[in-house]
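What follows is a short report on a single structure.
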Amino acid sequence: METGRDLMEAVGERCGHCSGRSVSICNVIDDADLPALVAESSRVIVPSGRCFIEEGCAADHFYVLTGGRAKLFNLMVDGRRQIIGFAELGDFLGLASSDAYAFTAEALGDVTLCRFSHSSIERLVERFPRLRGRLQKEASSELVKMQSRLMLLGRKTARERLATFLIEQARPCCVYAEQWRNENGPMTLPLPMSRMDIADYLGLTIETVSRTFSLFKREGLISTKGASSVTLLALGNLADIANGLE
């Protein structure tokens with residue numbers, strides 16, 4: 001059993017430098033109460049390419065992404081894959097699951113997580129009533145994302161889909177990168193997912209994704225150095241494309 005000193009050391013190690021704390025469910029818990037949060041959770045490090053949630057397996061835990069990125073996908077019986085999203089810093093995974101997970105989550109690069117059992121979350125909600133509202137907000141956010149994805153796949157052109165994807169990737173960076181002020185200025189984004197992952201997520205072929213990236217480069221909207229990052233040169237124009245205004 002962890003002593004009070006052990007808990008305080010764990011709080012300092014896990015929460016003191018956690019860049020996801022301000023945007024995750026933990027942000028409704030005061031600093032003084034963090035030992036209770038740490039006591040109900042465990043830190044997990046997942047190496048690149050490893051799955052930490054398996055579709056169809058018993059949904060025994062919830063996860064908060066505290067470092068890195070993950071891709072979320074479903075597999076059809078014939079082996080075909082559909083990527084349904086990319087989890088980012090602060091995301092709470094497993095909330096919509098009942099008895100079994102509805103998707104697989106795979107680390108894109110090394111990932112760090114805080115893992116909670118169902119009973120741990122129940123105890124935390126009972127102790128910190130504001131946490132219930134925060135979890136309801138997470139559930140509402142998932143519904144909004146689902147609706148946006150239906151629009152993405154059902155109505156948008158390839159150009160609009162890729163622009164939407166880039167805007168999605170830029171949004172968290174706009175929140176956290178204080179040095180980036182001008183919405184039409186350059187902004188470099190990491191893209192840990194492969195072009196095939198992007199194509200799968202957007203419901204396009206990899207050839208179409210590659211052509212559209214090249215088109216955006218020729219139009220002066222983006223620049224690239226390798227496949228692991230992209231620099232947005234005109235975020236406002238990309239937002240107009242994503243919204244069907246160009």
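Within the stretch 93-109, is even one residue more than 22 Å from F165 (Cβ to Cβ), crowded, with 20+ Cβ neighbours inside 10 Å and not assigned by TED's automatic domain parsing to the domain that holds I198? Yes; the residues of the stretch 93-109 include at least one that is more than 22 Å from F165 (Cβ to Cβ), crowded, with 20+ Cβ neighbours inside 10 Å and not assigned by TED's automatic domain parsing to the domain that holds I198.
Out of G67, G56, I need the residue that is under 22 Å from P190 (Cα atoms) and surrounded by fewer than 20 Cβ atoms within 10 Å (Cβ to Cβ). Which one? Exactly one of G67, G56 is under 22 Å from P190 (Cα atoms) and surrounded by fewer than 20 Cβ atoms within 10 Å (Cβ to Cβ), namely G67. Filtering the stretch 36-51 for residues that are modelled with pLDDT under 95, surrounded by fewer than 14 Cβ atoms within 10 Å (Cβ to Cβ) and closer than 21 Å to R134 by Cα leaves an empty set.
Taking first residues from the stretch 202-220 that are more than 13 Å from R161 (Cβ to Cβ) and partners that are in a helix (DSSP H, G or I), the Cβ contacts under 8 Å between residues at least 6 apart in sequence or on separate chains come to I206/R195; I206/M196; I206/A199; S210/R195. Only one of the listed residues (I198, I241) is surrounded by 15 or more Cβ atoms within 10 Å (Cβ to Cβ), under 30 Å from G79 (Cα atoms) and at pLDDT 90 or above. That residue is I198. Just give me the residues in the stretch 219-233 being among the small types (G, A, S), surrounded by 12 or more Cβ atoms within 10 Å (Cβ to Cβ) and within 19 Å of G109 (Cα to Cα), in sequence order. Those that are among the small types (G, A, S), surrounded by 12 or more Cβ atoms within 10 Å (Cβ to Cβ) and within 19 Å of G109 (Cα to Cα): A227, S228, S229.
The values are calculated or read from the model by the stated rules, or taken from the named source; none is laboratory data. Only a predicted model underlies this, so the values are computations on that prediction, with no experimental measurement involved. Quick reminder, even Gly has a Cβ in these numbers, built from the backbone with ideal geometry, and neighbours come from all protein chains shown.
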